[in-house]
Amino acid sequence: MAHQEAQALFAPMVDHELAPAQEAELKSHLEHCPECQHGFEKYSRAVTLVRSVSRERAPADFAQQVLKRVRKRRRWQGTQIFESVGMPAQAGIAVLIAAAIAAVVVLLLK
């Protein structure tokens with residue numbers, strides 16, 4: 001058995017999903033290959049650690065809180081004038097508006 005083939009069987013081995021013949025072949029390889037044996041030990045310890053972590057549960061009203069924030073943000077975004085325009089365009093629009101206001105003021109003062 002090659003190293004890559006052995007390493008591909010680490011997960012099914014830890015999950016007890018290997019056929020007896022595959023399991024025996026992998027165990028034989030691990031007995032004769034210190035590199036794969038070390039890799040399997042590291043993998044199996046990592047899986048054990050991950051499985052030992054307690055699972056946290058979200059608060060009962062978590063989904064409602066998220067939806068409330070999403071709706072609030074959508075309302076705010078709808079009021080933004082330049083929301084889909086890039087920064088250079090925003091600056092150009094601001095200059096045009098200022099120029100238009102200045103032109104109106106000049107015309108009114110004549």
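The values are calculated or read from the model by the stated rules, or taken from the named source; none is laboratory data. Just so it is clear, the structure is predicted and the values come from calculations on it, not from any experiment. Virtual Cβ from ideal backbone geometry, glycine too; neighbours counted across all protein chains shown. These area figures cover heavy atoms from the full protein model, side chains too; ligands, DNA and RNA do not enter into them. Shrake-Rupley method; radii C 1.70, N 1.55, O 1.52, S 1.80 Å.
If I fit a long axis through the Cα atoms of helix 62-78 and take the longest principal axis of the Cα atoms of the chain, what angle between them do I get, 0 to 90°, rounded to 10? Taking the Cα atoms of the chain, the angle to 62-78 is about 30 degrees.
Each Cα pair under 8 Å and six or more residues apart adds its separation to the average, and for the chain the resulting relative contact order is 18 percent. For the stretch 101-106, putting each phi into the Karplus relation 6.51 cos²θ - 1.76 cosθ + 1.60 with θ = phi - 60° gives couplings of 5, 4, 5, 5, 4, 5 Hz, in residue order, rounded to whole numbers and with x for Gly and Pro. Each residue was assigned an accessible area with a 1.4 Å probe, and for Phe62 the value is about 100 Å². Based on every Cα atom in the chain, Rg and the maximum pairwise Cα distance Dmax equal 32.2, 99 Å.
Note on the chain: with neighbouring protein chains present and a 1.4 Å probe, carbon and sulfur make up 61 percent of its accessible heavy-atom surface. Among the trypsin sites (Lys or Arg not before Pro) found in the stretch 1-68, those both in a DSSP coil and sparsely packed, with 10 or fewer other Cβ atoms within 10 Å of their Cβ, are Arg55, Arg57. A simple spin-label model places pseudo-atoms 7 Å from Cα toward Cβ; at Glu17 and Val95 they are separated by 6.1 nm. Note that the stretch 10-24 has calculated 3J(HN,Hα) couplings of 4, 4, x, 5, 5, 8, 6, 10, 7, 5, x, 5, 5, 4, 5 Hz, one per residue in order, obtained from phi through the Karplus relation 6.51 cos²θ - 1.76 cosθ + 1.60 (θ = phi - 60°); glycine and proline are x. Surface exposure of the chain, expressed per residue as accessible area with a 1.4 Å probe, stands at 86 Å².
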